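Novice: Before I ask anything, let me first share the structure, which is written out below as structure tokens.
The values are calculated or read from the model by the stated rules, or taken from the named source; none is laboratory data. Please read these numbers as outputs of a predicted model, since none were measured by experiment. Cβ: placed from backbone, ideal geometry, glycine included. Neighbour counts: every protein chain shown. Surface areas here come from the heavy atoms of the whole protein model, side chains and all, with no ligands, DNA or RNA. Shrake-Rupley method; radii C 1.70, N 1.55, O 1.52, S 1.80 Å.
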Amino acid sequence: MIPALEYYLVLGAALFIIGLLGVLVRRNLLIVFMSIELILLGANVTFVGFAVALNNMLGQAFVIFSLTVAAAEAAVGLAIIVALSRHRDSLNVDEIDTLKG
């Protein structure tokens, strides 16, 4: 049995809101990074829900594209976070305001 579209939308909205709150409220760069991943997952759940409800594979194609972009973003983002943590004592977003080498 396939769940109704409303369940997908509620789950996607919940993940998106939790991620958005994490980006807006938290100051730790690693937690902000994980919150961005939650936002992407919320959008992916919504895409899958519409793909199932409309019986169309286009939503799932968008999810594969989004997961590819998220994987690249995770690789680059984690490399930047590791480099920042090696050069500074904290990962506070407010303290990271320059991009000097």
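Novice: Evaluate the distance, in nm, between pseudo-label points positioned 7 Å from the Cα of residue 76 and of residue 26 along their respective Cα→Cβ axes.
Specialist: For the pair residue 76/residue 26, the computed spacing is 2.1 nm.
Novice: Over the range 53-95, give the accessible area per residue in Å² for a 1.4 Å probe, as an integer.
Specialist: So the range 53-95 comes to 74 Å² accessible per residue, rounded to a whole number.
Novice: Please get the size of the charge dipole for the range 45-101, origin at its Cα centre, with Cβ charges of +1 on Lys and Arg and -1 on Asp and Glu, quoted in debye to the nearest 20.
Specialist: Roughly 180 debye for the range 45-101.
Novice: I've got another one for you. Please list the equivalent ellipsoid semi-axes of the chain, computed as the square roots of five times the alpha-carbon gyration tensor eigenvalues, in descending order and whole angstrom.
Specialist: The equivalent ellipsoid of the chain has semi-axes of 33, 15, 8 Å.
Novice: Once phi is turned into ³J(HN,Hα) by the Karplus curve 6.51 cos²θ - 1.76 cosθ + 1.60 with θ = phi - 60°, what whole-Hz value does each residue of the range 5-19 show in order, with x for glycine and proline?
Specialist: Values per residue, Gly and Pro as x: 4, 4, 5, 5, 5, 5, 5, x, 5, 5, 5, 5, 5, 4, x Hz.
Novice: Which GluC sites (Glu not before Pro) does the chain hold that lie in a coil by DSSP with at most 11 other beta carbons within 10 Å?
Specialist: Values: sites: 6, 37, 73, 95; in loops: none.
Passing sites in the chain do not exist.
Novice: So what are the ³J(HN,Hα) numbers for the range 56-70, from phi and the Karplus equation (6.51, -1.76, 1.60; θ = phi - 60°), rounded to whole Hz, Gly and Pro as x?
Specialist: Going residue by residue, I get 10, 7, 5, x, 5, 5, 4, 5, 4, 5, 5, 5, 5, 5, 5 Hz, with x marking Gly and Pro.
Novice: Arrange the residues 94, 89 by how much accessible surface each exposes, largest first, with a 1.4 angstrom probe. Can you show the working numbers first?
Specialist: Details: 94 100, 89 170 Å².
Largest accessible area first, the list is 89, 94.
Novice: If you roll a 1.4 Å probe over the range 47-88 with all protein chains in place, what percent of the accessible area is carbon or sulfur?
Specialist: Within the range 47-88, the accessible surface is 75 percent carbon and sulfur.
Novice: Tabulate in residue order the Karplus-calculated ³J(HN,Hα) for the range 29-35, using 6.51 cos²θ - 1.76 cosθ + 1.60 with θ = phi - 60°, rounded to whole Hz; enter x for Gly and Pro.
Specialist: In residue order, the calculated couplings are 5, 5, 5, 4, 5, 5, 5 Hz.
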